[in-house]
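One structure is given below, encoded as structure tokens.
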Amino acid sequence: MTIVTPSEAVSTGASVTFPPTFLWGSATAAYQVEGGFDSAGRAPSIWDTFSKTPGKVHAGETGDVACDHYHRFREDVALMKRLNLKVYRFSVSWSRVMPDGVNVNPEGLRFYTELVDELLAAGIVPWLTQYHWDLPQVLEDAGGWANRETAYAFEKYAVVLHDALGDRVRQWTTLNEPWCSAFLGYANGHHAPGRTEPSAALAAAHHLLLGHGLAVRSLRERDPELELGLTLNFTDYRPADPNLPGDVDAARRLDGSFNRFFADPIFRGTYPQDVLDDQAGLWPEDLVRAGDLDVISTPIDVLGVNFYTGELLTGADPAEAPQAAAAARAQGEPNPNVGSEHVSSVPRGLPQTAMGWEVYPQALRDLLLRLHTDYTAEAGVALYVTENGAAYDDVVESDGSIQDTERTDYIRQHLHAVHEAMESGADVRGYFVWSLLDNFEWAFGYAKRFGIVRVDYESLERTLKASAHWYAGVARTGVVD
């Protein structure tokens with residue numbers, strides 16, 4: 001994937017209309033919304049353990065209750081129907097379905113069976129994500145994703161889900177954002193399981209991809225008509241000064257370790273050589289075995305794209321970068337950018353969300369075109385924006401309404417960016433706003449709200465925000481003002 005230069009801003013001066021077949025949806029993740037942490041045989045996941053470890057999550061908050069979607073899913077599906085959603089992208093709790101990582105828990109599976117049936121009855125497509133970061137703790141105790149055996153356990157888990165749901169669930173995502181699972185979980189420890197071991201992070205990343213390939217291969221053999229894929233998160237990295245070799249190298253490095261690290265093995269059956277060079281000395285020698293990359297590059301039908309922001313980067317001169325990275329790794333805080341720990345971001349004065357992420361919608365347009373050109377067009381793979389949205393500090397007005405204008409504007413601008421990418425040839429077939437509900441936002445606890453539906457975390461009452469009303473109109477008409 002090539003580094004691109006800054007482009008013209010996305011035009012939002014006129015309404016645009018999406019094709020009638022375009023899929024409008026929203027997304028959630030099991031640990032973030034379900035609650036029911038010990039219901040019907042569910043066992044702890046790494047996020048149960050991590051969130052209950054002092055100092056790991058804001059205010060010591062956990063997903064024990066979250067949005068109580070486990071008990072309130074019928075109410076939530078009714079909300080989705082009210083919002084005219086065509087798709088609900090949800091993830092499955094592995095710990096609910098296979099609490100010990102081996103044996104099936106029928107009670108846990110029943111929840112997802114009932115959820116899928118409720119969605120279908122409402123005319124909503126159930127889009128299943130097999131894994132959204134919540135590994136059963138028992139598997140982490142055996143080494144987690146750094147242990148190759150976890151990839152084979154993941155394949156068996158896929159078969160269990162297909163046996164139960166495959167007759168009704170036709171859209172199947174194996175992994176959500178494996179970069180976060182591997183590098184936030186095992187390199188800098190900001191996510192579960194909280195490990196800070198760069199080599200273990202690289203092992204986890206490879207085994208996540210291997211598990212993906214094994215699952216796709218098995219599911220394809222069982223049911224060739226399934227629509228199979230995975231979701232990767234992408235960030236738009238550009239040099240702070242395109243005339244400085246160190247800044248250009250910094251953008252290349254993080255584009256490689258964040259974006260191309262996953263896209264290249266999926267679509268090309270190889271890890272990028274420049275990334276391997278950047279991470280030299282950190283890869284376990286026996287990590288990649290004969291046939292692994294053939295499995296990882298098993299053909300897929302769909303690439304899910306999660307996008308939130310972009311960054312300008314600065315770094316050391318390329319000749320000095322290896323030493324600078326090694327020094328930062330040895331002396332600095334644990335860093336997820338394994339092999340490029342010296343790289344830093346440069347603010348460009350753009351509006352920011354409550355996460356501190358810059359709002360730069362043209363980067364989504366450029367990204368979709370890059371993916372189409374560099375990867376998906378030749379492979380015949382469709383693109384879906386499986387997450388896009390923003391956290392803001394919502395204010396509840398005296399009449400109970402939430403006029404979240406900033407969030408509406410964020411979504412509007414990014415939808416215009418998607419439309420421009422489509423007009424330029426990118427095969428984008430759907431957009432799923434993140435998130436349906438305010439929820440447990442990982443290490444931020446309940447401090448950050450991404451939902452188009454507000455959740456009162458004491459009463460668990462749901463309230464449609466202004467962005468939800470606006471998005472319902474978009475989903476109904478396909479027109480973005």
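Checking the condition assigned to a loop (DSSP other than H, G, I, E, B), open to solvent by 10 Å² or more (accessible area, probe 1.4 Å) and touching a residue at least 24 places away in the same chain (Cβ under 8 Å), which residue from GLU75, GLU8 passes? Among GLU75, GLU8, only GLU8 is assigned to a loop (DSSP other than H, G, I, E, B), open to solvent by 10 Å² or more (accessible area, probe 1.4 Å) and touching a residue at least 24 places away in the same chain (Cβ under 8 Å). Just one of the listed residues (ASP241, ASP236, ASP223, ASP278) is of a type in the set (D, E, K, R), open to solvent by less than 20 Å² (accessible area, probe 1.4 Å) and touching a residue at least 40 places away in the same chain (Cβ under 8 Å), namely ASP236.
Scanning region 101-116 for residues that are modelled with pLDDT of 95 or more, more than 15 Å from HIS71 (Cα to Cα) and surrounded by 14 or more Cβ atoms within 10 Å (Cβ to Cβ) turns up VAL104, ASN105.
Considering the conditions (1) closer than 23 Å to VAL305 by Cβ; (2) open to solvent by less than 20 Å² (accessible area, probe 1.4 Å); (3) not hydroxyl-bearing (Ser, Thr, Tyr), LEU202 is excluded by exactly one of them, (1).
With a requirement of 3 or more residues that are closer than 25 Å to VAL125 by Cβ and without any contact (Cβ under 8 Å) to a residue 12 or more places away in the chain, none of the strands (runs of 3 or more DSSP E) lying completely within region 366-455 satisfies it.
Applying the criterion of being open to solvent by 30 Å² or more (accessible area, probe 1.4 Å) and closer than 27 Å to THR129 by Cβ to the residues of region 290-329, the residue that is farthest from the chain's Cα centre (by Cα) is GLY291. Residues considered: TYR112, TYR88. Of these, the only one that is part of a helix (DSSP H, G or I) and of a type in the set (Phe, Trp, Tyr) is TYR112. Scanning region 11-30 for residues that are among the small types (Gly, Ala, Ser) and either surrounded by 17 or more Cβ atoms within 10 Å (Cβ to Cβ) or at pLDDT 95 or above (or both) yields a total of 6.
Tell me, yes or no, whether region 419-431 has at least one residue that is open to solvent by 10 Å² or more (accessible area, probe 1.4 Å) and on the phi > 0 side of the Ramachandran plot. Taking every residue of region 419-431 in turn, at least one turns out to be open to solvent by 10 Å² or more (accessible area, probe 1.4 Å) and on the phi > 0 side of the Ramachandran plot. Among the residues of region 314-348, just one is of a type outside the set (S, T, N, Q), closer than 23 Å to ALA391 by Cα and outside any loop (DSSP other than H, G, I, E, B), namely VAL346. Only one of the listed residues (ASN233, ASN188) is outside any helix (DSSP H, G or I) and either among the basic types (Lys, Arg) or in contact with a strand residue (DSSP E or B) (Cβ under 6 Å, 6 or more places away or on another chain) (or both). That residue is ASN233.
For region 330-359, taking the residues that are crowded, with 17+ Cβ neighbours inside 10 Å and of a type in the set (A, V, I, L, M), the one that is farthest from HIS190 (Cα to Cα) is identified as VAL359. Being within 21 Å of the chain's Cα centre (by Cα), of a type in the set (D, E, K, R) and assigned to a helix (DSSP H, G or I) is a property that ASP247 lacks.
Restricting to region 31-71, name every residue that is buried (at least 17 other Cβ atoms within 10 Å of the Cβ), assigned to a helix (DSSP H, G or I) and out of contact with any Asp or Glu (no Cβ under 9 Å at 6 or more places or on another chain). Passing the criteria: only PHE50. Kindly indicate whether any position in region 83-100 is open to solvent by 10 Å² or more (accessible area, probe 1.4 Å) and of a type in the set (Ser, Thr, Tyr). For region 83-100, residues open to solvent by 10 Å² or more (accessible area, probe 1.4 Å) and of a type in the set (Ser, Thr, Tyr): absent. Every condition in (1) of a type outside the set (Asp, Glu); (2) open to solvent by less than 10 Å² (accessible area, probe 1.4 Å); (3) touching a Phe, Trp or Tyr at 6+ places or on another chain (Cβ under 6 Å); (4) part of a helix (DSSP H, G or I) is met by PHE267 except one, and the failing one is (2). Here LEU119, LEU128, LEU135 are screened, and the one residue that is buried (at least 23 other Cβ atoms within 10 Å of the Cβ) and more than 19 Å from THR386 (Cα to Cα) is LEU135.
The values are calculated or read from the model by the stated rules, or taken from the named source; none is laboratory data. Remember, predicted model here, so these are calculated numbers, not experimental data. Virtual Cβ from ideal backbone geometry, glycine too; neighbours counted across all protein chains shown. Quick note on the areas: whole protein, heavy atoms, side chains included, nothing else; ligands and nucleic acids left out. Shrake-Rupley method; radii C 1.70, N 1.55, O 1.52, S 1.80 Å.
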